[in-house]
1. Write down the accessible area per residue of the stretch C:421-517 in Å², having rolled a 1.4 Å probe over the full set of protein chains.
2. How would C:351, C:635, C:698 rank on accessible area, largest to smallest, probe 1.4 Å?
3. Per residue of the stretch B:19-32, what does 6.51 cos²θ - 1.76 cosθ + 1.60 with θ = phi - 60° give for ³J(HN,Hα)? Whole Hz please, x for Gly and Pro, Karplus curve as stated.
4. So what's the Cα pair-distance distribution over the stretch C:1-89, bin width 5 Å, in %?
5. Could you sort C:412, C:458 by their accessible area in this structure, using a 1.4 Å probe and putting the largest first?
6. I'd like to compare C:743-751, C:385-393: which one has the highest average count of other Cβ atoms within 10 Å, and what's the full order after that?
7. Place the peptides C:1-14, C:127-140 in order of packing, highest mean first, counting for every residue the other Cβ atoms within 10 Å and averaging per peptide.
8. For residue C:361, which sequence-distant residues (separation of 5 or more, or a different chain) have an amide H within less than 5 Å of its own amide H, given hydrogens modelled in the peptide plane?
Amino acid sequence: MAKAVKNKKADKGTSSGAVMVLGGGIAGVQSALDLTELGYYVYLVEKSPAIGGVMAQLDKTFPTNDCAL
Amino acid sequence: MTDEFNPKILGFLCNWCCYAAADAAGVSRYQYPPNLRTIRVMCTGRVDAAFILRGFVEGADAIFTGG
Amino acid sequence: MRPRFIDADKCTACGLCTTYCPRHLQDTFNEGLNLTRPIHIDYPQAVPATYYIDPAACLHVTEDTCQICVPVCRSHAINFNQKPKVKKIAVGAVVLAPGFGKVPDSTLAKYSYGVHADVLTSLEFERLLNPSGPYQGNVLCLSDQRHPKSLAFIQCVGSRDLGCGNGYCSSVCCMYAIKEAMVAKEHDPELDIIIFYMDMRTQGKDFDAARKRAEEQFGIKFVRAKVAGVTPWGAKGLRLTYSTMDGRHRFDPFDMVVLSVGLDAPKDARKISKLLDVELNKFDFCRTDPFHPLNSSQPGIYVAGAFQGPCDIPESVTQSSAAAGIAAGLLKKQRGKGYVVKSYPAEHDITGEDIRIGVFTCHCGINIGGVVDVPRVDKYTDGMENVVYHSESMYSCSQDAQEMLKKTIKEHNLNRVVIAACSPRTHEPLFQETLKDAGLNRSLFEMVNIRDQCSWVHANEPEAATEKSMDLIRMAVAKANRIQPLAEQTVPVTDKALVLGGGVAGLTAALTLAEQGFHCTLVEKEAELGGNLLVIKQTIEGVGTAATLKKLISRVKSSALIEVITKAELITINGFVGNFSSVLKVQEGKKTAEHTIDHGVIILATGGREHKPAQVLGQELVKSKQIITQQELETRLFGKAKKRAPSSVVMVQCAGSRGDDLNYCSKVCCNHAVKNALHIKEINPESQVFVLYRDLRTYGYAEEKYQQAREKGVVFIPYEVDNKPRITKKGQKVEISFHDPLLQEDVVMQPEVIALSVGIVPQGTEALSKLLKVPVTEHKFFMEAHVKLRPVEMPVAGVYVCGLAHSPKPLNETIVQAQAAAAKAAMPLVKGSVSVEPIVSHVDQEACIGCGLCASLCPYQAIQIIKVDKKRKAETIVASCKACGICASHCPTFAISMGGFTNEQIIAQIEAFGNSIEE
């Protein structure tokens, strides 16, 4: 991937407007959502069968004690 | 104490302040008596005097406007 | 891409396969606390909501036998022929968000973890507390399912622990331990809970208040101690060995022990590092520098979340938005290419249809269902006017529930939806989105708040709460009978931003916006840009700030897209998201001039400053040249004391913060003290430095610096709130007396300098709060829209916040927050238009008599009087209308109606309220 990024930088005209987000926890999901709002196609890559990461396992979150899901 | 006065209160809550505060009270788990029934409005400016009179006609013991 | 062995498009998530699967498997989602089967779904709300087969446990995959599930599945979704696929994708940037890893079990061994079933990790305990966990949220011992009577939390397991190589603080454990302890108490008020800690690091915004609540409201005990170990004791119990501050060893029995384990580097860190050629730091987290906290060593690759360094949810979310913003800047030429806009089915025209209402009542796990009798409430809706469908739901906001809702709307031809769950303030948009997906106008929706304003506040009165829920639902159904679809409107956006504040937050925000190609105006009230960074000379890492600040300022000044206006302040602001118009008062020589600026969004970065306390440590501040603030000490160490640091310094933490004038933790003072202490030791190793503290909050990597300071001979002495150090003046000298808990005696000192950590206060927030109608916290910091999920947005659309005006925070967090605010602010600018909520006012010009009362009363100047056929008529300027309804309530001819809040609807609600009394 590092190579791909470098190569893309080398020929600016054809570089890809897509972004890969590695990890589907709260950080990855938020990045992916924001990138789409900003006008980019996103590949969200998660190794487990569902996104959500550790936050999905949390019962409640401080301070609202909302369900973390 | 079956004769205890148990008023029925109708409330008009402003979405931005009182309704939000009532949500916040829930988040902090403040406990208060369960006599209030609320109508959410976008601002208490929406509350026509007619609504208040109508509330009394419908049997409210008290009307609460929070905004 | 690894195969799921289940065709996601066909799977209906019915769960039949799991019941037939013959093999057991530890449920990793529940941290192995219970069993599941190789074919399963982690949790019902999982996205995608599709089952999968764990290849390591499946009998068919491992042994080539079984396949029982294949014929069981009604929708023929199971497909063992799926093969791993390799997909090549071309991308212009990468965001690394692999999260964090687990502290190795070997580190937990001394606490009998793995030996005794009732020693749990905090994440296991989190699952135990969860209503969807192994015991439906009941706190039970894993060993024999008895209710534990006593529970101990042990902090700093695998953090601040050089033994396991984790010399950093994980930053989140103190707060989650408090949360878990409070939730456990909610489940079982009889449970005795003690948290054993070294320092309670609740430095986040309003976190100290939670700690106080835990202590005062929930009766959770906090004991400052080092725990040596946990051993099985007696027939079932556990024995905890610990030493307290006075050096004494103690032993206490407990039924259950929870280990507050830290965040380790992700398991794949080294693999990721090798694959992408990004550097790691010594703890195997991603290496970044304090001025570019999200840039990895590889251009185009950014990092967000715990891989950047241990951090909590708001910080992760902030970093994620920031990383998106930076990546968007890098790729601005490609914006919009390959972008797919979400489309909705054509809106179903309900004109002339019979009203068909569906009522959905939510359990919200135990949040509602634990108090309100949901089945009874659901049954109550049966037979209400035009209610043709009703049902209960465990979590009505979950992804699977949305699918269910869509299906139900279609199946039952529903054209009004009532959801009784939590607050419309948080969840209305979600359900309205689902309505749109189902082809319904989003206004055909009414929400009943039976959680925040019912079950949560009447927790001890289930009967009354149930009745209240029924009343509220009846009122909502009455309204639902009278709601009509409302048309969506959009308004164009001025693609320019206004940034208030020229400190590092404002500078960074402006630059991040400019890098994405947007114009912005940066306003600073002083003559010079730079803010606090002009006086903060180095970071805690020991890196000088001057060069970076100079570069940042010059980049801002040289950017063609940024206009810098100094000696200026905002005096008025009008408009709304996308169309603000602001007036600045600018000092020009001896005169002042007014500038008007049109902009689409505004970023508040007005910063903060060191607090000037009147009260210190419960007494009036003693005035002396020898008593200075940490900031003044830093200035001195870079100025006249550059070569000769004071020979003796006593630093006092929380001298101003946490209890005196300011009732909150300022987050940065402990770092500041450690930074200055190290600097003094560097100039003069002979200098004696003492730090008196309550909880030393060098969270994250700053913990290393704390360690270093101790190694260099800086003496750290804790003090208790009820026995604060006393500062007095003895002739020309100042004297400080305090209790040393190690020596168990009172100590008196006459140091050359006493440095006070006084805390941080926000600047300009109160005035702006009034101008912009945005809220501030009780401590006058701007209050964000949602602590966890919308940390840089204000509740008013188009207004964003970053830096010290939001809360005290160190430089790296300020930079990230500024980048995040800029990313969020860019969103409406990218889109080019904003949607107006359809609840704005509408004038029926037939009925309007043109009296103009509404226009004179409107607080937002959102009604204008126009001439229609030579007659005066009122007209709403929709984009300015805030939907308050003052016009509607005052119109003498009832010509004005509010979308979603018509007279007819509100009267119907009042009538329905009345019906309950007659019963």
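The values are calculated or read from the model by the stated rules, or taken from the named source; none is laboratory data. What you are looking at is a predicted structure, and each value in this text was computed from that prediction instead of being measured. Please note: Cβ atoms are built from the backbone with ideal geometry, for glycine as well, and neighbour counts cover all protein chains shown. Note: areas computed on protein heavy atoms with side chains; ligands, DNA, RNA excluded. Shrake-Rupley method; radii C 1.70, N 1.55, O 1.52, S 1.80 Å.
1. Working: 2560 Å² over 97 residues.
Dividing the accessible area of the stretch C:421-517 by its residue count gives 26 Å².
2. Working: C:351 110, C:635 70, C:698 0 Å².
Final ranking, largest accessible area leading: C:351, C:635, C:698.
3. Per residue, the Karplus-derived 3J(HN,Hα) values read 5, 5, 5, 5, 5, 5, 4, x, 4, 7, 6, 5, 9, 9 Hz.
4. 3, 14, 26, 25, 19, 9, 3, 1
5. Values: C:412 55, C:458 0 Å².
Reading off the accessible areas and sorting them downward yields C:412, C:458.
6. Details: C:743-751: 12.6, C:385-393: 17.2.
Top to bottom by mean Cβ count within 10 Å: C:385-393, C:743-751.
7. Numbers: C:1-14: 16.1, C:127-140: 20.0.
Packing proxy ranking, top to bottom: C:127-140, C:1-14.
8. C:391, C:392, C:393, C:420
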